[in-house]
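Each value in this text was obtained by applying a stated rule to the coordinates, not by laboratory testing. Computed from a predicted model, the values in this text were never measured in an experiment. Glycine gets a Cβ as well: all are built from the backbone with ideal geometry, and neighbour counts include every protein chain shown.
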Amino acid sequence: MTALDSWPSGIDRVVLAETTSTLDEARTRFAAGLASPLWILALNQTAARGRRGRPWVHPRGNFAASLVLPLQAGPQEMALRSFTTSLALHDALVALTGRAEAFALKWPNDVLLHGGKLAGILLETLSRGNRPAALNIGIGVNLAQAPEAGEVEARALRPVSLSGELGVAVPPEDMLNALAPAHAHWEAVLTSRGFAPVRDAWLARAARLGEEVTARFGTHELTGIFETVDAQGQLVLSTGGKRHAVAAADIHFGTDGHA
């Protein structure tokens, strides 16, 4: 699955030795007139970021890429791409390692390896003329090494690397060559068949399904049983005999403050 002849048609790619962040690079290229899908891989990032502008540590040898995906859709439909992207990451990692049992997906946009955080996804909308025109999908995978505990935010899930956990060395270019066709597959499923088959596939790989999790919204939190993901991609928690649909939150496992 790492051969270039499996690269999806109609999608371009560029590999950069260094940039501030692939998200910034994608935004710049889109502003300059980019109109077709483009994968941007950076071998080094000097100012990577994650959700809510949080710093994303990027040691050399890890995977950092963005996909510019032309798309005119509302926020809810845009957000469904966290599911297609995480499924693509899961499939690519399984293809590269042969270890399906080691990986799981954490709502809404993380990939876990042996329960630790291996990869994260960030979605940004790109607009033209005050209208959404594309999605900027940023992806980081700890291929070679994981950040130290002090380099991630408090209460964050334990960071892990593919090399450290499985002893598998995967170059970033090989990761991209496996990820791009997997992503094209799940994007085609979503656009041709809707969210239902994507949802079913995601739930089959979900971490802590049927177990207690905590959703944190700023200074507030809600703890309940992770029951399912609904037709809109919201996390459904069952607590006190009531079902709560969560559209956006930081999800933590257990009640001890750890993700």
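Mind giving me the FRET efficiency for A100 and R158? R0 is 30 Å, r the Cβ-Cβ distance, nearest 0.05 is fine.
0.90
Which of the helices in the chain meet the span-like rule: DSSP H, Cα axial reach of 15 Å or more, Kyte-Doolittle mean at least 0.0?
Qualifying helices: 81-97.
May I ask for the distance between the Cα centers of segment 84-152 and segment 181-259, given as a whole number of Å?
Cα centres, segment 84-152 to segment 181-259: 15 Å.
Looking at segment 212-253, I'd like the Rg to Rh ratio, where Rg is from alpha-carbon atoms and Rh is Kirkwood's inverse mean 1/r.
Using Cα coordinates only, the ratio equals 0.93.
On the principal axes of its Cα set, how long, how wide and how thick is the chain? Give whole Å, largest value first.
That works out to 51, 42, 33 Å along the principal axes.
Quickly rank 202-208, 132-138 as a protection proxy: mean count of other C-beta atoms within 10 Å, highest first.
Output ranking for 202-208, 132-138: 132-138, 202-208.
How far apart, in nanometres, would the label points at T219 and E18 be if each is projected 7 angstrom from Cα along the Cα-to-Cβ direction?
Taking the simple label geometry, T219 and E18 are separated by 4.3 nm.
In whole angstrom, and with the biggest value first, how far do the Cα coordinates of segment 131-211 range along each principal axis?
Principal-axis extents of the Cα atoms in segment 131-211, largest first: 42, 36, 32 Å.
Obtain the radius of gyration and the Kirkwood radius of segment 69-146 from its C-alpha atoms and give Rg over Rh.
1.05
Please list 231-237, 186-192, 82-88 highest first by mean number of surrounding beta-carbon atoms within 10 Å per residue.
82-88, 231-237, 186-192
Going by average Cβ neighbours within 10 Å, how do the peptides 212-218, 91-97 rank, with the highest at the top?
91-97, 212-218
Grab the Cα-Cα distance for L203 and Q72, subtract it from 0.36 nm times how many residues apart they are, and report the gain in nm with one decimal.
Here the answer is 44.5 nm.
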